[in-house]
Amino acid sequence: MHKNRKHKSDLIILFATLGLMALGLIVIYAIGPMRANVLNSTYGTDYDPNSFFLGQLRSVILSLAAFFLAFKVIPYKYLQKYAKPLMIAAILMSAILWVLAKAGSSLAKCELGECRWFNLGVVSFQPAEFLKLALIVYLADFLTRKKTEGNIGKWREFWLPFLIVCGASLALVVVAQGDLGSGVALIAIIFGMMLMSGIPARQYLIMIAVVLVVSVAAVATSSHRMQRVDAWIATLTGSESTDSTYHIENAMMAIGVGGFFGVGIGNSVQATGYLPESINDSVFAIMGETFGFVGLFLIIAIFGLMLLRILKVAEGTSESNNRLFVIGVFSWMLAQVVVNIMAMTSLIPVTGITLPLLSYGGTSMIFIAFAIGLVLQLSCYTSREVIANEDISSRRGVRGSRYSSRRRSS
């Protein structure tokens, strides 16, 4: 028999979250004016020098509100009850965005030919981020129920509904929105939670093989994605620079220029217009230029420690639903951190994916902060095994007599 013991939350997760948000805000403050100047010069926009800093500050404030709302106000068990409605709402939002984009509606915000945001006037909303959180909550509930019912691995009871929900999610994000980065995060969430759910190893491996084949096909049939692969190969082989290799070459240059200690805050050259997406997907490279190898090492160490503590939370709970939810959040963060850093260091082709809590943006930071807040809430409860008919007072008596006999013998 297991019993949950309430105690203080995991302070390492708390301070790591706040520290990463603060660091991201500092970097955006330093390079935001450069980004505004580049956009104004190139596209004739009229961004104020402080526009991006104020935007990031607003995102941090909203993310902190979401974080503490999840930590202190909304019980995770409440979300469990609404796992299905949350999943349905997330899928419907992504489907509506696709319909609006096809209809050419101004409510769909598009960039570089891809429509991934709702345009709500002063703010925009990316449904893929909500979908990630909803999928974690839903799968935690679904996998727990199927395991309790003994239906894990059965075609009609388990695989059919599982494939419909996961397949629809991936199709709406990767195909409809053209967001391969979010698709990678969704796949990591799905397989991370599957691994901990008790699915037969043979079926798990078959699923991995199927996803690999589909992923290769998705890349091979997309000229844009194949261009990124070709650019990555050209970078590895030292081929002549082209427009397609420009992004990764400048990311590597930024990290190289940073050296051991970096050029210092506000002295970035790549942020002045050389490195694309300097405040979003490429912020890791900018931080390499700014803080150097030492700074990047510390950032990776903070992420690593934070992820280990999240795993510790999963290990400390005996409730399957709670554990699967924490594993889902862990998989989400791990995928985005690893893929972003590997892309910026030319270990994989460039993929559009943000660095959690550090990159510029609202929806992504808000939802991942909310998810971490829920993990922090669950960290307040540790499961311990209780022996049936355990007589605590008798144990205290035995312990006291043992110590007293030692004192007498001495």
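Computed from the coordinates by the stated procedures, all read-outs in this text should not be read as laboratory data. In this text the structure is predicted, and so the values were computed from the model without any measurement. A quick note on method: Cβ atoms are made from the backbone with ideal geometry, for glycine too, and the neighbour counts reach across all protein chains shown.
Computed from the C-beta positions of Val210 and Thr45 and an R0 of 41 Å, the FRET efficiency is 0.40 to the nearest 0.05.
For the options Val38, Val375, Val313, a Gaussian network treatment of the chain with springs between C-alpha atoms closer than 10 Å singles out Val38 as fluctuating the most. Could you give the DSSP H helices of the chain that reach 20 angstrom or more along their long axis (alpha carbon positions) and whose average Kyte-Doolittle hydropathy is no lower than 1.0? The answer, listed by residue number, is 11-43, 51-68, 83-102, 180-195, 201-220, 283-315, 320-344, 363-378. If only the Cβ of Lys and Arg carry +1 and only the Cβ of Asp and Glu carry -1, the dipole of region 85-160 around its Cα centre is close to 220 debye. Legend: residue pairs Lys84/Lys147; Lys8/Lys312; Lys81/Lys154; Lys81/Lys147; Lys77/Lys132; Lys81/Lys146, Cα-Cα distance threshold 21 Å; pairs beyond threshold, Lys81/Lys154. Springs join every pair of Cα atoms under 10 Å in this Gaussian network model of the chain, and among Glu129, Glu149, Glu249 the largest mean-square fluctuation is at Glu149.
For Val350, neighbours were defined as the other residues whose beta-carbon sits under 12 Å from its Cβ, and their charges (Lys and Arg +1, Asp and Glu -1) total -2. Of the labelled figures (i) 68, 47, 43; (ii) 85, 62, 49; (iii) 83, 59, 45, only one reflects Cα extents along the principal axes in Å as derived from the coordinates, namely (iii).
With K and R counted +1 and D and E -1, the other residues having a Cβ less than 14 Å from that of Ile368 yield a net charge of 0.
Along the chain, the longest continuous region that contains none of the trypsin sites (Lys or Arg not before Pro) in a DSSP loop with at most 15 other C-beta atoms within 10 Å is 155-410.
For region 106-146, the residues whose backbone nitrogen is under 20 Å from a point 7 Å from the Cα of Glu157, taken along Cα to Cβ, are 139-146. Mean separation of Cα pairs under 8 Å and 6 or more residues apart, divided by the residue count, gives the chain a relative contact order of 29 percent. Per-residue extension of 0.36 nm, minus the Cα-Cα distance of Gln203 and Ala171, leaves a gain of 9.4 nm for this segment.
Length gained on full extension, Asn119 to Thr242, computed as 0.36 nm times the residue gap minus the Cα-Cα distance: 40.9 nm. Dipole magnitude for the chain: about 2740 debye, using +1 per Lys or Arg Cβ and -1 per Asp or Glu Cβ, origin at the Cα centre.
Spacing of the modelled spin labels on Phe191 and Leu57, each 7 Å from Cα toward Cβ, amounts to 4.2 nm.
Set the Förster distance to 25 Å, then compute FRET efficiency between Ile96 and Ile74 from the Cβ-Cβ distance, nearest 0.05. FRET efficiency, Ile96 to Ile74: 0.50.
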